[in-house]
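S.K.: Attaching a single structure in structure tokens format; questions to follow.
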């Protein structure tokens, strides 16, 4: 299979999975795939970095059954605003786009049992009654600004 056939096949797969359409490659200025509410650029590589797969595996291990494992990558450069991207399993993303919810991709995944636990989980990502739970309206404490780190001031 040629390189062009490989990325075209991936674009077709993504479009079909998300109920979208693959747009022809005209060089620039448009998405690879358009799905309702989404503009997607599909990038195909023979391999992705091992550290990325390790981060995904860690997120999977650490997520509760009702949570969607997600990796947030941050590019921190002194003097510039920090840039972040989100990485998640494609099947979970497809379920989210289809309206199935971020975490629920199978029957083994269920939300917390009580409304209070649901509210705490939505607000903090941690079930109520655990160390990380906060009451609604609480704000995380601001990090102290360091004079020797200009990136924190623009973050």
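S.K.: Within region 18-40, work out how many residues are surrounded by 10 or more Cβ atoms within 10 Å (Cβ to Cβ) and within 21 Å of residue 95 (Cβ to Cβ).
M.R.: 13
S.K.: Here is a further query. Considering 49, 24, which residue is modelled with pLDDT of 95 or more and either out of contact with any helix residue (DSSP H, G or I) (no Cβ under 8 Å at 6 or more places or on another chain) or at positive phi (or both)?
M.R.: 49
Conditions tested, residue by residue: (1) in contact (Cβ under 8 Å) with a residue 24 or more places away in the chain; (2) part of a loop (DSSP other than H, G, I, E, B); (3) touching a strand residue (DSSP E or B) at 6+ places or on another chain (Cβ under 6 Å).
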{"position": "4", "(1), (2), (3)": "no, no, no"}
{"position": "10", "(1), (2), (3)": "yes, no, no"}
{"position": "13", "(1), (2), (3)": "no, no, no"}
{"position": "24", "(1), (2), (3)": "no, yes, no"}
{"position": "77", "(1), (2), (3)": "yes, yes, no"}
{"position": "81", "(1), (2), (3)": "yes, yes, no"}
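The values are calculated or read from the model by the stated rules, or taken from the named source; none is laboratory data. Not measured: the values here are computed from a predicted model. Ideal geometry is used to build each Cβ from the backbone, glycine not excepted, and the neighbour counts take in all protein chains shown.
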